[in-house]
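J.: Quick one: this structure, given as structure tokens, is what I'll be asking you about.
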Amino acid sequence: MREDPAHLLLEDEALTEGLTDEEAQVLLSWLLDLAKDADPSQLAHLRRLGHEITRLSRDYGVPVEEVIGLVELAWGEEEVQGLEA
């Protein structure tokens with residue numbers, strides 16, 4: 001039986017450790033949206049990605065939204081909010 005993506009992400013307290021409530025909400029919403037159609041191996045990758053976004057934001061003071069924007073840019077998303085060339 002497949003584990004619920006929401007449960008996997010929401011139960012991981014370290015995923016948002018050191019983020020403000022607002023940043024944590026943005027990160028979790030983004031990850032949960034991606035996790036809807038993910039297979040189990042992708043869920044583990046998304047979780048690791050979430051940890052790295054948190055680390056970058058916390059350690060370097062980069063807003064979560066900007067790190068997510070960079071990830072989306074790397075994935076080739078057409079409209080990345082919050083980033084300007």
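J.: At a threshold of 8 angstrom on Cα-Cα distance, excluding pairs fewer than six apart, so keeping six or more, what relative contact order does the chain reach in percent? List each step's numbers first, then the result.
T.: Details: 63 pairs, mean separation 24.0, N = 85.
So the answer I get is 28 percent.
J.: Further question on the same structure: Find which of SER57, HIS45, LEU10 sits farthest along the positive direction of the dipole of the chain, computed with +1 on the beta-carbon of Lys and Arg, -1 on that of Asp and Glu, about the Cα centre.
T.: Positive-end residue among those listed: HIS45.
J.: Ignoring ligands, DNA and RNA, how do HIS51, HIS45 rank by accessible area with a 1.4 Å probe, largest first?
T.: Listed by decreasing accessible area, they come as HIS45, HIS51.
J.: Is the shape of the range 22-67 best called rounded, prolate or oblate, per the rule: a/c under 1.5 gives rounded, else a/b larger than b/c gives prolate, else oblate, with a ≥ b ≥ c the square roots of the Cα gyration tensor eigenvalues? All intermediate terms of the calculation are to be shown ahead of the outcome.
T.: Values: a/c = 3.33, a/b = 1.76, b/c = 1.89.
Note, shape of the range 22-67 comes out oblate.
J.: How much length would be gained if the chain were fully extended between ARG55 and LEU73, taking 0.36 nm per residue of separation minus their Cα-Cα distance, in nm to one decimal? Don't jump to the answer; show the numbers that get you there.
T.: On the way: separation 18, 0.36 × 18 = 6.48 nm, distance 1.90 nm.
Separation in residues times 0.36 nm, less the Cα-Cα distance, equals 4.6 nm.
J.: Shifting gears a bit: Using just the helices of the chain, give the 222 nm mean residue ellipticity in deg cm²/dmol: DSSP H runs with n ≥ 4 each add -39,500 (n - 2.57), and the total is spread over all residues, rounded to 500.
T.: Mean residue ellipticity, 222 nm, calculated: -20500 deg cm²/dmol.
J.: For the chain, what is the charge dipole size about the Cα centre, in debye to the nearest 20, if Lys and Arg each add +1 at the Cβ and Asp and Glu each add -1 at the Cβ?
T.: The dipole magnitude comes to about 320 debye.
J.: Right, here's the next one. In the range 5-70, what trypsin sites (Lys or Arg not before Pro) fall in a loop by DSSP, with at most 16 other Cβ atoms inside 10 Å?
T.: LYS36
J.: Place a label point 7 angstrom from the Cα of ASP12 along the Cα-to-Cβ direction, then list the residues of the range 43-67 whose backbone nitrogen is under 18 Å away.
T.: So the set is 43-59, 64-65, 67.
J.: Through the Karplus equation 6.51 cos²θ - 1.76 cosθ + 1.60, θ set to phi - 60°, convert the phi angles of the range 44-52 into ³J(HN,Hα) values in whole Hz; use x for Gly and Pro.
T.: Those phi angles translate into 4, 5, 4, 5, 4, 4, x, 4, 5 Hz.
The values are calculated or read from the model by the stated rules, or taken from the named source; none is laboratory data. As the structure is a computational prediction, the values presented were derived from the model and not from experiment. Positions of Cβ are backbone-derived with ideal geometry, glycine not excepted, and every protein chain shown enters the neighbour counts. Side chains included, ligands, DNA and RNA excluded: accessible areas come from the protein's heavy atoms. Shrake-Rupley method; radii C 1.70, N 1.55, O 1.52, S 1.80 Å.
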